[in-house]
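Novice: This is the structure I have questions about; it appears just below.
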Amino acid sequence: MGRIFVVANQKGGVGKTSIAVNLSASLAHYGRRVLLVDLDPQGNATTGSGIDKGDCEKTVYGVLLGEYRAADAVRRCEGGYDIIPSNRDLAGAEVELISIERREFRLRDTLREAADAYDFVVIDCPPALNMLTVNGFAATHAVIIPMQCEYYALEGLSDLVGTLRKVKQKINPGIEIEALVRTMYDPRSTLTVQVSEELKRHYGDKVFDTVIPRNVRIAEAPSFGKPVLLHDPASKGATAHLQFARELLARNGIAIAEAA
């Protein structure tokens, strides 16, 4: 089975979906077989990958409810990775899952077969702690936490770490934090630098060296339905995401040549 990462943060607007989409594209760029699972009813990872969410007959919603296998809902993206898409139908799953047996493990159980075909599975969670996010936590090996270097982000991170501690105790004993990745990073801001140092002090090497800068190309890429790597491969944003993927691969024992 491929290694499974959940990209999660209870705070919205931190670049979570951008990390999920661009990490998937960057890992694919380095020759890895990647599946992106859009577990957010907004479907932003789906549209950001160039898939029309209104044109998807099979989505993660049907997968969670057992209507078909995960592999049957997979779509190929221009970025070289596969995706199980999402749309507004998924919002109803929250209520429908309540009455289903093993509701916390629906995603984990259905991903087992599909994950065998991939090196990495990346799950984009909604910006909330709900049954969908719990399904993501139950299915994953590790969590990637994107966050801005601002005061309230530290407070939100503390809450998320507390949540993961409970998940580890009750649902998924193998879950761990893989990476804290600093997004929308502006080194000219004193607050950014201070919060960044505070993160390193508390979380050590869980804080990745790579930072994702504020970059207009990253911001505009979703409107073109593309990862930034396809939208503008020479941009600082694309370079940063490739570096993040290299660092992630290195920490998982996979070396990639700098020129790749």
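Every residue, every condition in (1) touching a Phe, Trp or Tyr at 6+ places or on another chain (Cβ under 8 Å); (2) more than 19 Å from GLN148 (Cβ to Cβ), yes or no:
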position: ARG201; (1), (2): no, no
position: ASP205; (1), (2): no, yes
position: PHE224; (1), (2): no, yes
position: VAL228; (1), (2): no, no
position: ALA245; (1), (2): yes, yes
position: LEU249; (1), (2): yes, yes
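Novice: Quick test of your reading of the structure: THR110 fulfils all but one of (1) out of contact with any Leu (no Cβ under 8 Å at 6 or more places or on another chain); (2) in a helix (DSSP H, G or I); (3) more than 21 Å from ALA245 (Cβ to Cβ). Name the failing condition by number.
Specialist: (1)
Novice: Something else now. Any idea which of LEU180, LEU160 is closer than 26 Å to ALA245 by Cβ and at pLDDT 95 or above? Spell out how you get there, then give the answer.
Specialist: Numbers: LEU160 fails: at pLDDT 95 or above.
After ruling out the rest, the residue left standing is LEU180.
Novice: Let me ask another. Being touching a residue at least 24 places away in the same chain (Cβ under 8 Å) and surrounded by fewer than 20 Cβ atoms within 10 Å (Cβ to Cβ) is the filter; apply it to the range 81-96 and report the residue that is farthest from PRO222 (Cα to Cα). Explain how you work it out, then say what you get.
Specialist: Keep residues of the range 81-96 that are touching a residue at least 24 places away in the same chain (Cβ under 8 Å), which gives 81-94, 96.
Imposing the further condition that a residue be surrounded by fewer than 20 Cβ atoms within 10 Å (Cβ to Cβ) reduces the set to 88-89, 91-92, 94, 96.
Details: ARG88: 18, ASP89: 21, ALA91: 22, GLY92: 25, GLU94: 26, GLU96: 30 Å.
Selected residue: GLU96.
Novice: Here's a follow-up. I'm trying to understand the selection: among the residues of the range 221-236, which are buried (at least 22 other Cβ atoms within 10 Å of the Cβ) and under 18 Å from GLY13 (Cα atoms)?
Specialist: Initially, the range 221-236 is screened for residues buried (at least 22 other Cβ atoms within 10 Å of the Cβ), giving 221, 227-229.
Passing the criteria: ALA221, PRO227, VAL228.
Novice: Just to be sure, is TYR118 of a type in the set (Ser, Thr, Tyr) and either in contact with a strand residue (DSSP E or B) (Cβ under 9 Å, 6 or more places away or on another chain) or open to solvent by less than 20 Å² (accessible area, probe 1.4 Å) (or both)? Step through it out loud before you land on a result.
Specialist: On the way: of a type in the set (Ser, Thr, Tyr): yes; either in contact with a strand residue (DSSP E or B) (Cβ under 9 Å, 6 or more places away or on another chain) or open to solvent by less than 20 Å² (accessible area, probe 1.4 Å) (or both): yes.
Against the criterion (of a type in the set (Ser, Thr, Tyr) and either in contact with a strand residue (DSSP E or B) (Cβ under 9 Å, 6 or more places away or on another chain) or open to solvent by less than 20 Å² (accessible area, probe 1.4 Å) (or both)), TYR118 qualifies.
Novice: Related question: Residues that are open to solvent by 20 Å² or more (accessible area, probe 1.4 Å): find the strands (runs of 3 or more DSSP E) completely inside the range 129-220 holding 1 or more of those. Break it down stepwise before answering.
Specialist: Numbers: elements: 142-147, 176-185, 207-213.
In the range 129-220, the matching strands (runs of 3 or more DSSP E) lie at 176-185, 207-213.
Novice: Would a scan of the range 237-247 turn up a residue that is modelled with pLDDT of 95 or more and open to solvent by 40 Å² or more (accessible area, probe 1.4 Å)? Reasoning before the result, please.
Specialist: Start the filter on the range 237-247 by keeping residues that are modelled with pLDDT of 95 or more, which leaves 237-247.
If we keep only those that are open to solvent by 40 Å² or more (accessible area, probe 1.4 Å) too, we end up with 239, 243.
Yes, the range 237-247 contains at least one residue that is modelled with pLDDT of 95 or more and open to solvent by 40 Å² or more (accessible area, probe 1.4 Å).
Novice: While we're on this one: Residue by residue through the range 49-76, note down the ones that are open to solvent by less than 10 Å² (accessible area, probe 1.4 Å) and closer than 21 Å to ASP119 by Cβ.
Specialist: Keep residues of the range 49-76 that are open to solvent by less than 10 Å² (accessible area, probe 1.4 Å), which gives 49, 59-60, 62-64, 70, 73.
Passing the criteria: SER49, VAL60, VAL63, ALA70, ALA73.
Novice: Considering only residues of the range 62-94 that are charged (D, E, K, R) and in contact with a helix residue (DSSP H, G or I) (Cβ under 6 Å, 6 or more places away or on another chain), which is nearest to GLY50 (Cα to Cα)?
Specialist: Of the residues in the range 62-94, the ones charged (D, E, K, R) are 67, 69, 72, 75-76, 78, 82, 88-89, 94.
Pick out the ones that are also in contact with a helix residue (DSSP H, G or I) (Cβ under 6 Å, 6 or more places away or on another chain) and you get 89, 94.
Working: ASP89: 19, GLU94: 26 Å.
For the range 62-94, the residue satisfying everything is ASP89.
Novice: Name, by its number, the condition in (1) within 18 Å of VAL7 (Cβ to Cβ); (2) part of a loop (DSSP other than H, G, I, E, B) that does not hold for ALA117.
Specialist: Only one criterion in (1) within 18 Å of VAL7 (Cβ to Cβ); (2) part of a loop (DSSP other than H, G, I, E, B) is unmet by ALA117, namely (1).
The values are calculated or read from the model by the stated rules, or taken from the named source; none is laboratory data. What you see is a predicted model, and the numbers here were worked out from it, not measured in a lab. Every residue, glycine among them, receives a Cβ derived from its backbone with ideal geometry; neighbour counts consider all protein chains shown. Heavy atoms of the whole protein, side chains included, go into the accessibility calculation; ligands, DNA and RNA do not. Shrake-Rupley method; radii C 1.70, N 1.55, O 1.52, S 1.80 Å.
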